[in-house]
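Written out below as structure tokens is the structure these notes cover.
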Amino acid sequence: MRIDVVSIFPEFLAPLSLSLIGKATETGLLDFAVHDLREHATDRHRTVDDTPTGGGAGMVMRPDVWGAALDSLLEGTQEPVAAPRVVLVVPTPSGDTFTQRVAEDLAQADHLIFACGRYEGIDSRVAAHYRETGVEVREMSIGDYVLNGGEVASIVMIEAIARLLPGVIGNPESLVEESHGAAGLLEYPVYTRPNDWQGKEVPEVLLSGHHAKIARWRRDQAFAKTIARRPDMIEAMPPENLNKADRALLQEAGWRRQSDGRYLRPTEPPTQG
Ligand code: JEH
């Protein structure tokens, strides 16, 4: 896979050249590069922004500068045979939420281009233009909080995507466990030595060497944690992922079984005052 990032702060992306992504780039699994948007500015001050048309606070990034930067990365991309899948990812507070599903989908692409805006964002015509040109454009948000630009959001998305690429992760067993083992549940608690730390002992079952028992205990722990912290995930769970013990536990806790086999959490009693 090839990943290009365009930013006025290319040094901001430096952490990605360490660890996982840096190794994958060195070994040729990934072709990762960061580009300075200002190299495509045309005036002697290398201006990339201007005032918002129609008025308002802050500055907006110029479409002509972004167009030159993105065209230079897209050129030679429209090959006659076997068109590669190129995705232009534009981080923005108003984008679709970036989730693990999106990461899995983007990990299938051949070429990702991240356009990191600053100020009040990039002139809206840029996303529209590339969409009209036939480029797959994904305007994405990493969550409901406000950042100062797209760089940190790009780091988050690239880390989540790159670790899914075959060979990028040192231990692919962790990926296998993620994709089915405990599908749709939070993680079980993990421990290492010493067995007694600060008077707190590692659960006995983990020292038993009884692999089936350990697997069942971990599954039960993950299930209990998910009920407590993420009831929405239990409600969304396909009924076939629930075993007999799970159903008994849910019923005991007041959850109601629906006709499709899914469960609904108990409704909270109205609070006093
Ligand atoms: C932020 C790219 C480019 C700041 C404010 C506004 C919010 C109401 N999850 C994410 N948060 N922020 C970004 C992001 C992602 N991905 C993000 C960016 C850029 C991504 C420039 N900025 C800074 C920025 C305008 N406000 C947005 N509104 C919901 C609180 C108020 C207006 C735009 C751009």
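Bear in mind these aren't lab numbers, they're just calculated from the coordinates by the rules spelled out. As the structure is a computational prediction, the values presented were derived from the model and not from experiment. Please note: Cβ atoms are built from the backbone with ideal geometry, for glycine as well, and neighbour counts cover all protein chains shown.
Legend: ranking of residues 210, 129, 40 from fewest to most surrounding C-beta atoms inside 10 Å; resulting order 210, 129, 40. Straight Cα distances below 20 angstrom link residue 213 to the lysines 225, 244, with same-chain residues fewer than 8 positions distant left out.
Sorted fewest first by neighbouring Cβ atoms within 10 angstrom, 98, 9 come out as 9, 98. Here the chain is assigned +1 on the Cβ of each Lys and Arg and -1 on the Cβ of each Asp and Glu. Its dipole about the Cα centre then comes out at about 1160 debye.
Do the sum for the chain: with -39,500 (n - 2.57) for every DSSP H run of n ≥ 4, divided by all residues, what is the mean residue ellipticity at 222 nm, to the nearest 500 deg cm²/dmol?
Working: 9 runs with 85 residues, N = 273.
The helix-only estimate for the chain comes to -9000 deg cm²/dmol at 222 nm.
Would you mind estimating how fast the chain diffuses translationally, via Stokes-Einstein at 10 °C and 1.306 mPa s with the Kirkwood radius over Cα pairs, in µm²/s? In µm²/s, the coefficient is 71. Between 41, 57, 128, find the one with the highest GNM mean-square fluctuation for the chain; connect C-alpha pairs within less than 10 Å. Of 41, 57, 128, the Gaussian network model singles out 57 as fluctuating most.
With each label modelled as a point 7 angstrom along the Cα→C-beta vector, the residue 14-residue 233 pair spans 3.5 nm. Between the amide H of residue 32 and those of 3, distances stay under 5 Å, these residues lying 5 or more places away or on another chain, with hydrogens modeled in the peptide plane.
Projecting the Cα atoms of 238, 113, 176 onto the charge dipole of the chain, computed from C-beta unit charges around the Cα centre, puts 238 farthest toward the positive end.
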